[in-house]
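One structure is given here, and the rest of the page talks about it.
The values are calculated or read from the model by the stated rules, or taken from the named source; none is laboratory data. Fair warning: this is a prediction, and the values are worked out from it, not measured in the lab. Here Cβ is always computed from backbone atoms with ideal geometry, including for glycine, and neighbour counts include all displayed protein chains.
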Amino acid sequence: MDYPLAEIYTDGACSGNPGPGGWAALIIRDGAIEELSGGEGRTTNQRMELRAAAEALKALAVPSRVRLYSDSAYLVNCFRQGWMERWLKNGWLTAAGKPVENRDLWQEIQAQALRHRVEWHKVKGHGDNKHNERCDRLARRAIIYQGDGSADIYQGDGSADISGKGRQSDSAKGAGGNTRLKENISREPSP
């Protein structure tokens with residue numbers, strides 16, 4: 001089967017650890033860039049790094065060949081160094097016999113990774129990669145909106161900065177009563 005190609009860049013951020021956090025992803029397909037971001041009121045940086053990857057992979061409507069780029073060694077090493085296989089074999093226990101932290105998010109990512117053909121790539125954080133830097137800005141901005149503990153998702157086409165909370169759809173309620181919001185940004189300037 002010939003899968004369509006998608007390049008994904010992800011990042012997570014946290015103000016305090018734990019504290020309010022944000023995540024972001026850029027999905028690049030056929031020359032178009034889609035932006036996703038959101039956050040949680042009380043979380044950790046590692047959870048936001050994982051959430052970014054999970055949400056980006058879930059956003060792909062069809063099974064795809066994915067090149068996923070992240071500055072999180074925690075995320076990339078899990079798949080490149082075989083941690084996931086060991087966790088599954090050991091019943092979600094680490095080599096030290098302790099329960100794997102963030103298991104819920106790892107399971108989401110694993111389910112999506114099985115649906116797609118994912119190549120995991122580590123990029124240097126705060127380097128010169130414009131897509132990683134954009135994710136960092138979006139993730140940090142998402143923290144600002146998290147005063148009420150909700151997990152909001154903003155979605156744009158990559159052509160402009162996200163400037164508001166967007167529209168809420170009736171079908172946008174997420175698990176745990178969190179609200180999921182989407183914002184589509186037009187390529188045309190506002191009048």
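A residue that is within 14 Å of the chain's Cα centre (by Cα), at pLDDT 80 or above, hydroxyl-bearing (S, T, Y) and not in a loop (DSSP other than H, G, I, E, B) cannot be found anywhere in region 151-160. For the structure I just gave you, tell me whether P20 is out of contact with any strand residue (DSSP E or B) (no Cβ under 7 Å at 6 or more places or on another chain), touching a residue at least 60 places away in the same chain (Cβ under 8 Å) and either at negative phi or of a type outside the set (K, R) (or both). Here the answer is no, as P20 does not meet what is asked.
Do the conditions hold for E85, that is, is it under 27 Å from L5 (Cα atoms) and at pLDDT below 60?
No.
Residue count for region 114-144 satisfying the condition of being of a type in the set (K, R), more than 25 Å from R42 (Cβ to Cβ), touching a Ser or Thr at 6+ places or on another chain (Cβ under 9 Å) and assigned to a helix (DSSP H, G or I): 1. Of the strands (runs of 3 or more DSSP E) entirely within region 1-89, those holding at least 3 residues that are hydrophobic (A, V, I, L, M, F, W, C) occupy 5-14, 19-29, 32-43. Could you please find all residues in region 61-83 being farther than 24 Å from G127 by Cβ and surrounded by fewer than 16 Cβ atoms within 10 Å (Cβ to Cβ)? The answer is A61, V62, P63, R65, G82.
Just the residues that are aliphatic (A, V, I, L, M) and within 9 Å of the chain's Cα centre (by Cα), please, taken from region 9-53. Within region 9-53, A24, A25, L26, L36, M48, L50, A52, A53 qualify.
For region 88-117, the set of residues classified as at pLDDT 95 or above, touching a Lys or Arg at 6+ places or on another chain (Cβ under 8 Å) and not acidic (D, E) consists of W92, N102, L105, Q112, H116, R117, listed by residue number.
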